[in-house]
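One structure is given below, encoded as C-alpha cells.
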Amino acid sequence: MKPPPFDYRRCTSLEEALALLAQHGAEAKLLAGGQSLMPMLNFRLLRPALLVDIGRIGALDGITEDAAGLTIGALTRHRVLEGDARIATHFPMLAEAMAHVAHLAVRNRGTLGGSLSHADPAAELPMMTLLLNATLRLERQGGRREIPAAEFFLGSLTTALDPDEMLTAIHLPFLPSGAGWGFAETAPRAGDFATAAAACVLTRQGGAVTMARIAVMGVHETALRLHAAEEALLGQGPAAFANAARLAREAVEPSSDLRASADLRRHLVEVQVGRVLAAAWERAA
C-alpha cells in the first residue's frame with residue numbers, strides 16, 4: 001500500500017504552519033505523530049495536496065501548571081501523558097487510560113492533538129477530555145478560539161475544526177478536592193481498539209454523592225457524557241449505582257460489527273459503569 005502523491009512542508013513555527021493552512025485550507029493535512037494519518041493515506045482514504053509537518057514545533061509540546069489546572073500542548077505524546085508526575089497526581093484516570101492506548105510504539109509517536117482531531121469514537125483521549133471538562137484551544141492565522149470538549153466532537157471522525165484551524169492545546173481544570181475515579185476498558189486483546197470503555201469521577205460527603213461525571217466510548221458515534229446517569233446519583237449512595245448503570249445502558253446507541261454486537265456493547269456499558277462507580281466511591285475521600 002502506498003499513499004497518493006502529495007507535497008510536503010516541514011514547519012519550524014506555529015505561524016508558518018497556520019499560514020500554510022490559511023493558504024491551502026482543506027487541501028492540506030497536518031502531520032504530527034502520523035499514527036492515524038499515515039494508514040489513512042496508505043488506504044487512499046485521504047488525498048491531500050500538501051502535508052504540513054508540525055512535529056518539530058517546540059511551542060506545541062509540553063505540560064504547564066497554574067493555579068487553575070494543567071495546559072497540555074497538542075504535540076504532547078501519549079507516553080508523556082502516561083508517565084508525567086503532574087498527570088499522575090492531578091489526573092490519575094488519564095494516566096490509566098493512556099496505558100490502554102494501542103502499544104508502546106504507538107504511544108511513543110502518537111500525540112494528544114492528533115488523537116483529538118482524528119476523533120475516533122473508540123479512542124481514549126476524546127472520552128477523557130469530556131470526562132475532565134477540558135477546554136480546547138483552536139488557532140488560525142490571525143486569531144484563536146477556545147471551546148469546551150462537549151462542542152468539539154460532532155460525529156465519528158468529525159470535529160468542529162475549520163479547514164484553516166489547528167488544535168494547539170487543551171486545558172484541564174483541577175478536580176474538586178477528594179474526587180475519586182474509575183476506569184474500565186474491554187478489548188479483544190491488549191492494545192486492540194476498545195469494544196467499550198467507561199470512566200467516572202465523583203465526590204462524596206458522608207454517604208451521598210455530591211458530584212458525578214460519567215463518560216463512555218466505543219458505543220456511540222462519539223465519546224459520550226451520560227448526564228442522566230450522573231444526575232441520578234446526586235444525593236445518593238452506592239445503592240443507586242445499579243440504576244445509574246441501567247440508565248447508562250439506555251443512553252448509548254452502539255452499532256454491531258465483526259468484533260461485537262450492539263447488545264454486547266450495551267451490556268458492557270452497564271457492567272463497566274457499575275464497576276467504575278464502585279471504584280470511584282472507594283477512592284473518594
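Numbers at a glance
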item	result
Residue match in the range 120-136 (condition: of a type in the set (D, E, K, R) and farther than 17 Å from Ala196 by Cβ)	no
Answer from Leu268, Leu277, Leu258, Leu264 - the residue that is in contact with a Ser or Thr (Cβ under 7 Å, 6 or more places away or on another chain), more than 15 Å from Glu221 (Cα to Cα) and among the aliphatic types (A, V, I, L, M)	Leu268
Some residue of the range 197-217 being under 23 Å from Arg107 (Cα atoms) and surrounded by fewer than 22 Cβ atoms within 10 Å (Cβ to Cβ)	no
Some residue of the range 144-152 being without any contact (Cβ under 8 Å) to a residue 24 or more places away in the chain, surrounded by fewer than 21 Cβ atoms within 10 Å (Cβ to Cβ) and not assigned by TED's automatic domain parsing to the domain that holds Val101	no
Test: residue in the range 29-51 that is assigned by TED's automatic domain parsing to the domain that holds Ala149, under 20 Å from the mean Cα position of the chain (by Cα) and among the hydroxyl-bearing types (Ser, Thr, Tyr)	no
Residue within the range 36-57 that is of a type in the set (Ser, Thr, Tyr) and surrounded by fewer than 17 Cβ atoms within 10 Å (Cβ to Cβ) present	no
Where Thr76 falls short, out of the listed (1) in contact (Cβ under 8 Å) with a residue 40 or more places away in the chain; (2) under 24 Å from Asp120 (Cα atoms)	(1)
Boolean, Ala85 is in contact with a Leu (Cβ under 8 Å, 6 or more places away or on another chain) and among the hydrophobic types (A, V, I, L, M, F, W, C)	no
Failed item in (1) within 22 Å of the chain's Cα centre (by Cα); (2) surrounded by fewer than 24 Cβ atoms within 10 Å (Cβ to Cβ); (3) under 20 Å from Pro121 (Cβ atoms); (4) not aromatic (Phe, Trp, Tyr), with Glu250 passing the rest	(1)
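The values are calculated or read from the model by the stated rules, or taken from the named source; none is laboratory data. Fair warning: this is a prediction, and the values are worked out from it, not measured in the lab. A quick note on method: Cβ atoms are made from the backbone with ideal geometry, for glycine too, and the neighbour counts reach across all protein chains shown.
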